[in-house]
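Quick notes on the structure that follows.
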Amino acid sequence: MTALPSLFVSHGAPSLLIEDVPARDFLAGLGQHIDRTYGRPRAVVAVSAHDMARLTVVGSAERLETIHDFWGFPDELYRRRYDAAGSPALARDVAGRLEAAGIPHALADAPGLDHGAWVPLALMYPEADIPVVPVSLSAHLDEAAHLELGRALAPLRDEGVLVLASGSVTHNLRDLGRPLAGTPEGAYVDGFAEWLAATLAAGDTAALLDWRNATPYARRAHPTPEHFIPLFAAYGAALGPASGDNGAPRAERLHRSVTHGILAMDAYAFH
């Protein structure tokens, strides 16, 4: 098997599962693309914007519940389930790698997968036949710390494990429902997405880490940072172990679209 890339995908609203939008079509074909190009993953380590704890928590449950952590959506979404198996052995392996890297963490029989994880996985691998280990964000939301988290996971890519980070390239729900598309006020959506694409293409890790100050679009694109922080885990997983200096990873922009006029749904593979 060729080393798997690490992925950052934008998961949008839970209704992405049932919306006729380009991002849904993209995610529905992404699993097949990974399988054809690199070989089918033996497991997924999922880092979601909606899974946050005081420190990094590695989920060790044998079976994962489908967490419907959203309100006010169509009933169909609450009937959807993604009954994936966990992998206690892989969870212990991940915890051991975090321990070796000096990353504070806990190993816990976590309740399941939030919608930031199971919605994209339900589109990518609808049969739910690949074990999943959820790894939470730590609540301090420090970019460099999550990059180091990814670096600790990097060797798993050579062992058939897909590191899947899920968030959003822009995520300002205060603007939801406002007719901003194509207006100067809405320019931050494309502005931030294109800044990110250029920064990743240039391999400018320093600018990426300083994203809040590196672009004037940042604070409008992410009034709170939790949907952007997972990208650092995916980036770090391709950057490689902290003991090596491999330069910046190669970023491949897999998808570009916008839903609801404000959610940039870009996805990246890091190699």
Margin query: For the condition out of contact with any helix residue (DSSP H, G or I) (no Cβ under 7 Å at 6 or more places or on another chain), at pLDDT below 90 and surrounded by 13 or more Cβ atoms within 10 Å (Cβ to Cβ), what is the one hit in Gly186, Gly191, Gly177, Gly182?
Written below: Gly186
Check: What pairs can you find where one residue is in the range 126-143 and closer than 18 Å to Thr66 by Cβ and polar (S, T, N, Q), the other is at pLDDT below 95 and part of a strand (DSSP E or B), and their Cβ atoms are less than 8 Å apart, with a gap of 6+ or different chains?
Finding: Ser136/Met52; Ser136/Ala53
Notebook entry, point to check: Out of (1) modelled with pLDDT of 95 or more; (2) touching a strand residue (DSSP E or B) at 6+ places or on another chain (Cβ under 6 Å), what's the single condition that is false for Pro249?
Noted result: (1)
Note to self: Taking the conditions exactly as written (surrounded by 19 or more Cβ atoms within 10 Å (Cβ to Cβ), assigned to a loop (DSSP other than H, G, I, E, B) and of a type in the set (A, V, I, L, M, F, W, C)), does Phe228 satisfy them or not?
What the structure shows: yes
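Quick one: would you say Asp114 is in contact (Cβ under 8 Å) with a residue 12 or more places away in the chain and closer than 29 Å to Gly240 by Cβ?
Here the answer is yes, as Asp114 does meet what is asked.
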Checklist line | Candidate set: the range 60-83, residues that are in contact with a Pro (Cβ under 7 Å, 6 or more places away or on another chain) and not aromatic (Phe, Trp, Tyr); chosen: the one surrounded by the fewest Cβ atoms within 10 Å (Cβ to Cβ) | finding: Glu62
Next item on the list: Only one of these is under 20 Å from Leu7 (Cα atoms) and touching a residue at least 24 places away in the same chain (Cβ under 8 Å): Leu107, Leu123. Name it.
Entry: Leu123
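Go through the residues of the range 120-136 one by one and say whether even a single one is among the aromatic types (Phe, Trp, Tyr) and crowded, with 21+ Cβ neighbours inside 10 Å.
Scanning the range 120-136 turns up at least one residue that is among the aromatic types (Phe, Trp, Tyr) and crowded, with 21+ Cβ neighbours inside 10 Å.
Does Gly177 qualify as being out of contact with any Ser or Thr (no Cβ under 8 Å at 6 or more places or on another chain) and outside any helix (DSSP H, G or I)?
On the way: out of contact with any Ser or Thr (no Cβ under 8 Å at 6 or more places or on another chain): yes; outside any helix (DSSP H, G or I): yes.
For Gly177, the condition - out of contact with any Ser or Thr (no Cβ under 8 Å at 6 or more places or on another chain) and outside any helix (DSSP H, G or I) - is met.
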Check: Would you call Ala207 modelled with pLDDT of 95 or more, within 16 Å of the chain's Cα centre (by Cα), part of a helix (DSSP H, G or I) and more than 22 Å from Phe26 (Cα to Cα)?
Finding: no
Margin query: Looking at Arg219, Arg253, can you tell me which residue is without any contact (Cβ under 8 Å) to a residue 60 or more places away in the chain, surrounded by fewer than 21 Cβ atoms within 10 Å (Cβ to Cβ) and closer than 21 Å to Arg24 by Cα?
Written below: Arg253
Notebook entry, point to check: When you look at Pro223, is it of a type outside the set (Gly, Ala, Ser), touching a helix residue (DSSP H, G or I) at 6+ places or on another chain (Cβ under 7 Å) and not in a helix (DSSP H, G or I), yes or no?
Noted result: yes
Notebook entry, point to check: Which pairs have Cβ atoms under 7 Å, sit 6 or more apart or on different chains, and link a residue in the range 78-101 that is at pLDDT 95 or above to one that is exposed (fewer than 13 other Cβ atoms within 10 Å of the Cβ) and not hydroxyl-bearing (Ser, Thr, Tyr)?
Noted result: Ala85/Glu62; Ala85/Arg63; Gly86/Glu62; Gly86/Arg63; Pro88/Glu62
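The values are calculated or read from the model by the stated rules, or taken from the named source; none is laboratory data. Just so it is clear, the model here is predicted, and its values are computed rather than measured. Note: ideal-geometry Cβ built from the backbone for every residue, glycine included; neighbour counts use all protein chains shown.
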